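Undergrad: Sending over a structure as structure tokens; questions will come in a sec.
The values are calculated or read from the model by the stated rules, or taken from the named source; none is laboratory data. Being a predicted model, the structure only gives us computed values, none of them experimental. Ideal geometry is used to build each Cβ from the backbone, glycine not excepted, and the neighbour counts take in all protein chains shown. Heads up: the accessible areas ignore ligands, DNA and RNA and are worked out on the full protein's heavy atoms, side chains in. Shrake-Rupley method; radii C 1.70, N 1.55, O 1.52, S 1.80 Å.
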Amino acid sequence: MNRASFTRTRRFRYGSMSVAITVLLIAAVLLANVIITALAGKYLWYIDMTKESMFTVSDPCFTLLDETFASLTEREAAEGEKSRVTIKFCDAYDNLMGGSYSKYVLTTALELQAHYPDRISVEYLDIYQNPSALNPYKTSVNTAFINTDVIVAGSGDEYRVYNVEDFFMISSGATSPFAYCGDKRFSSAILAVTQVQKPVVGILMGHGETYKDPSLGYLFEQAGYKIEIISDLVNDGIPEACRMLVSYQPTTDFRSTDDGISDVSEIAIIDEFLATDNHSLMVIMSPECPTLPNIEKYLAQWGIAFDRTEEGESYVIAENAKNSLTANGHTFFAQYEKYGMGSSLTSELRKMPVPQKTVFKNAMSLSFADAYDVATVVDEDSGEAFSYAYKTLGAETRQVFRVMSSSTEAKALAGGREVAAADANNTFGLMMLSIQPRQVQEDNNGWFFADQSSYVLACGSADFATEAILNSDVYGNSEVLMQAFYQMGKDAVPSYVPYIPFADLTIDSLTQERANRFTAWLTALPVVLFSAVGLYVIVRRKNK
């Protein structure tokens, strides 16, 4: 072999080796990237470089959950059952991590799982291929789930269903969130489903209250409440963990110092209860209830009036044949309010493809109290108008909304005679929700506040909560009450678990086109660089 042939052979050998090394190096880089990405996803190998630590679970959240699970351990020592919390996402891991906001929620859930592996687990549900997996979390046969839903479930029957949007704070009228509250939402949900802080509902029994059947009590237990009977509000007081008081069909009045007889006021006790810590009151009456001046005067202070004639006769609602279930029109379907705070109690029903209807039987009508001002507001999306009442009390304002009403063809009877008629501009209220918004500052900057609002719910039909109606899959009465239980202070919201404000969401607001362009560049750049280096080596070898 001459010198020229030897040189060409050596160059070919070195060139082939360079190409092989280049190919192997590129393959190794790609393989390492796949392996590291998989391990990072499984073991949460990431560094939170954001100033606000948007992904990292806060120390106050860990402290709260440490205390929660310590309490669970003590309870389990007595009961012998191990409690776990399962966070179930209604979409695949890759889809969630690719979402602008769902990735925050998933990452928080995975960090909680990594920190409490024996207590918390994360699952992914295929809601399209396996819809039956969601059956335990349906409140009715028509309940629908979407791929952005998140379910937090305990070992028992307790669970909470959220949407990804619920883990963020969005200003009124805004389309993008200004803060992430995943820590707060998850810790609140875990407290609820583990029942470490089981809320108490105080059932008042000192005013002739009688329950036709135990169905309402069963519904409270199903919602996770512990029931305590309060026979003497003055001497027994209100239990410390009580979040709601219920008076069902009272027949005698509440004591008040305003009557000049008693020097102890049950009304004052209730008022003090509602003045703090998102406490609530529920009063269910019917046309058979006599006039109760003290409690009705107090409800009027919350903007709610039970309609009566000057002689004290109750307004009894009679519907037309189209809405009625009986010949006399006294058992009928209610009309859902679509706007305002009261509409939140029926929102789940109204979302159904075929909304369940709510039944009222033997109902007394309710109206806004005379001392309240009535405002009419036009909904921006639909252009429809709705009314609510309000009253300013010092630095705070109480607002009262209708939840359900009669139709425009309904009539009100008193003593068997017609005393009022509904029309297109004025229907009869059947259930009303009054709220006193109360925000407690959570941080020194004055940016974030905990919702400690108090509620009063009034219903004009005792038959609304009877066994035949509540246990029926046909009617939505139980769904309305369950929604009320949750909204009116059932779940504890840990005020010291912080919100996390976003400093800049620019990276999350990339258009799909720009995101695809960045992805293509970042994918191709390493290959181009290594190919260029390999080509340079080959050329250099050939020239030697």
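Undergrad: Got a number for residues in the range 358-380 being of a type outside the set (Val, Ile, Thr) and part of a strand (DSSP E or B)?
TA: 8
Undergrad: Please enumerate the residues belonging to the range 381-402 that are under 26 Å from the mean Cα position of the chain (by Cα) and not in a strand (DSSP E or B).
TA: Asp381, Ser382, Glu384
Undergrad: Given the conditions (1) closer than 25 Å to Cys181 by Cα; (2) at pLDDT 85 or above; (3) more than 20 Å from the chain's Cα centre (by Cα); (4) open to solvent by 20 Å² or more (accessible area, probe 1.4 Å), and given that Phe145 satisfies all but one, which numbered condition is not satisfied?
TA: Only one criterion is unmet by Phe145, namely (3).
Undergrad: Here's another thing I want to ask about it. Looking at the range 403-426 only, could you name the residues that are part of a loop (DSSP other than H, G, I, E, B) and open to solvent by 30 Å² or more (accessible area, probe 1.4 Å)?
TA: If the condition is that a residue be part of a loop (DSSP other than H, G, I, E, B) and open to solvent by 30 Å² or more (accessible area, probe 1.4 Å), then Thr408, Glu409, Gly415, Gly416, Ala424, Asn425 are the ones that fit.
Undergrad: Pull up the range 284-310, narrow it to residues that are touching a residue at least 40 places away in the same chain (Cβ under 8 Å) and polar (S, T, N, Q), then point me to the one that is least open to solvent (accessible area, probe 1.4 Å).
TA: Ser286
Undergrad: Residues in the range 334-343 that are in contact with a Ser or Thr (Cβ under 9 Å, 6 or more places away or on another chain) and either open to solvent by less than 40 Å² (accessible area, probe 1.4 Å) or among the hydroxyl-bearing types (Ser, Thr, Tyr) (or both): how many?
TA: The number of residues fulfilling the criteria is 4.
Undergrad: Report yes if some residue within the range 47-58 is modelled with pLDDT under 80, of a type in the set (Val, Ile, Thr) and within 16 Å of Gln113 (Cα to Cα); otherwise report no.
TA: There is at least one residue in the range 47-58 that is modelled with pLDDT under 80, of a type in the set (Val, Ile, Thr) and within 16 Å of Gln113 (Cα to Cα).
Undergrad: Mind counting the residues in the range 364-387 that are modelled with pLDDT under 95 and surrounded by 22 or more Cβ atoms within 10 Å (Cβ to Cβ)?
TA: Number satisfying all stated conditions: 0.
Undergrad: Taking the stated definitions as given, is Glu313 in contact with a helix residue (DSSP H, G or I) (Cβ under 6 Å, 6 or more places away or on another chain) and either touching a residue at least 40 places away in the same chain (Cβ under 8 Å) or at positive phi (or both)?
TA: Criteria not met by Glu313.
A quick yes/no check of all residues on (1) in contact with a Cys (Cβ under 9 Å, 6 or more places away or on another chain); (2) of a type in the set (Asp, Glu); (3) surrounded by 19 or more Cβ atoms within 10 Å (Cβ to Cβ); (4) farther than 24 Å from Ser461 by Cα:
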{"site": "Pro214", "(1), (2), (3), (4)": "no, no, no, no"}
{"site": "Asn235", "(1), (2), (3), (4)": "no, no, no, yes"}
{"site": "Met244", "(1), (2), (3), (4)": "no, no, yes, no"}
{"site": "Asp258", "(1), (2), (3), (4)": "no, yes, no, yes"}
{"site": "Ile261", "(1), (2), (3), (4)": "no, no, no, yes"}
{"site": "Val264", "(1), (2), (3), (4)": "no, no, no, yes"}
{"site": "Ile267", "(1), (2), (3), (4)": "no, no, yes, no"}
{"site": "Ile270", "(1), (2), (3), (4)": "no, no, yes, no"}
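Undergrad: Now for a separate question. Taking the stated definitions as given, is Tyr137 surrounded by 16 or more Cβ atoms within 10 Å (Cβ to Cβ) and within 26 Å of Glu67 (Cα to Cα)?
TA: So Tyr137 fails the test.
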